[in-house]
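J.: Please see the structure below; I have some questions.
Bear in mind that the values in this text are calculations on the coordinates, not laboratory data. Just so you know, these numbers come straight off a predicted model, no measurement behind them. When we count neighbours, we look across all protein chains shown, and the Cβ atoms used for this are built from the backbone with ideal geometry, even at glycine.
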Amino acid sequence: MSPNTFYERKGPFWLKELIKNDNSKIKVFDIKTLDNASSADLTFFDSPKYKLNAENTKARVCLTTEKLKKHLPANCHKIIVKNVLFELAKIAKKFYPSADIDFPDKNLKKPSITKYKGVKFGNNVLIGNKVKIGKKCYIGSNSIIESGTIIGNNCVIGSNVTLKCTEIKNNVVIQDGCKIGLKGFGFIPIPGNNLKFPHIGRVIIMDNVEMGASCTIDRGSVDNTIIGQNTYLDNQVHIAHNVKLGKNCMIAGQVGFAGSSTIGNNVSIGGQAGVSGHLKIGNNVKIGGGSGVIKDIEDNSVVMGYPAIPFKDFIKNWKK
């Protein structure tokens, strides 16, 4: 994957500039998730679901709670706070001051035919700075491709599509009206003045993905949102920030995924189903239409209902 160039990053910062009353002589260069952080980064740990990632993190500094700190490596400097995400949002705002509101791209222009040879554009297409578009691509009318976006070869981008903070691989089809890479639904509730959480991740769309009309794919907050190879989305699917959708998945219309859930390979989901946040859905899972998934699902399971239960149990209950 290419380096993230969508946001201006400030810093590095001494830790005492980020955390009140911390006088340790540590310099922090960026914010990363537990599994992606290096010894130069600050990370966060706010749920026992990520215990294994915490035990193996390489982060130099971690925001966490008194209860969870025992799972972090001894050489990791622990910042104990009451509300991890609240403190993280304030620090993220210092590193990335322009990532909490999606202002329109001020650098949009008509595409240069000489620059994008072999690309066919519809009417009224606008393109930002440093956009890369591969060979034999089609861009539909009234679409907006914001600065830094990368599109591979043999891609079809429909009309009225918006691409922001997005990297698209090869042979991808995105139908009309899709909105990809915009800021997700992330804020810290505060009476009278909610704190917006900066979204500094991307959307990564792998090879041979097809996306139906009017899908919305949020970019990651700290991590990336990823759509796996050869996955097909029907119309009006919503994928929230940090979701990882595996290979060869088939997702029917109006399915919604809440943030930070991980979906395995070869997963099929019927229309209007919903998947809650921070869940793990295994490989080869089938989820019936209209279901509500509120807990992890093991490999090779077939579930249905709200809350989603094994299909055989659902049928037994229905017959009653």
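J.: Express the Stokes-Einstein translational diffusion coefficient of region 276-320 in µm² s⁻¹, to the nearest whole number, given a Kirkwood radius over alpha-carbon pairs, 20 °C and a viscosity of 1.002 mPa s.
T.: Translational diffusion coefficient: 202 µm²/s.
J.: Another question, if that's okay. Work through the residues other than SER39 whose Cβ is under 9 Å from its Cβ and net out their charges, Lys, Arg +1 and Asp, Glu -1.
T.: +1
J.: Tell me the net charge near ALA213. Cut-off is 13 Å between Cβ atoms, ALA213 excluded, with +1 for each Lys or Arg and -1 for each Asp or Glu.
T.: Details: positive: LYS179; negative: ASP176, GLU210, ASP234.
Counting the neighbours of ALA213, the net charge comes to -2.
J.: Got a sec? How would MET304, MET211 order by Cβ neighbour count within 10 Å, fewest to most? Please list the in-between numbers first.
T.: Details: MET304 22, MET211 26.
In order of increasing Cβ crowding within 10 Å: MET304, MET211.
J.: Antiparallel versus total DSSP beta bridges in the chain: what percent is that, nearest 5?
T.: The answer is about 10 percent antiparallel.
J.: Sorted from fewest to most neighbouring beta carbons within 10 Å, what does the list HIS241, HIS278, HIS71 look like?
T.: In order of increasing Cβ crowding within 10 Å: HIS278, HIS71, HIS241.
J.: With just the Cα atoms defining each centre, how far is region 27-57 from region 277-308? Give it in Å.
T.: So the two Cα centres are separated by 28 Å.
J.: Hey, can you rank 89-100, 223-234 by average C-beta count inside 10 Å, highest first?
T.: 223-234, 89-100
J.: Using the alpha-carbon centroid of each, what span in Å lies between region 223-264 and region 89-116?
T.: Cα centres, region 223-264 to region 89-116: 24 Å.
J.: Size of the dipole of the chain about the Cα centre, Lys and Arg at +1 and Asp and Glu at -1 on the beta carbon, nothing else charged, in debye to 20?
T.: 540 debye
J.: Please work out which option in [x] 1.12; [y] 1.06; [z] 1.31 gives Cα Rg over 2.2 N^0.38 Å calculated from these coordinates, and answer with its label.
T.: Only one listed value fits the structure, namely [y].
J.: Please compute the contact order of the chain in relative form: average sequence separation of alpha-carbon pairs under 8 Å and at least six residues apart, divided by the residue count, as a percent. Numbers along the way, then the final one.
T.: On the way: 931 pairs, mean separation 25.3, N = 320.
Here the relative contact order equals 8 percent.
J.: Which whole number of Å³ per residue matches the convex hull of the alpha-carbon atoms in region 21-115? It would help to have the intermediate numbers written out before the result.
T.: On the way: hull volume 15.3 nm³, N = 95.
Per-residue hull volume (Cα only) is 161 Å³.
J.: Please report, in debye to the nearest 20, how large the charge dipole of region 189-320 is about its Cα centre when each Lys and Arg carries +1 at its beta carbon and each Asp and Glu carries -1 there. Can you show the working numbers first?
T.: Values: 12 positive and 9 negative charges, 74 e Å.
About 360 debye.
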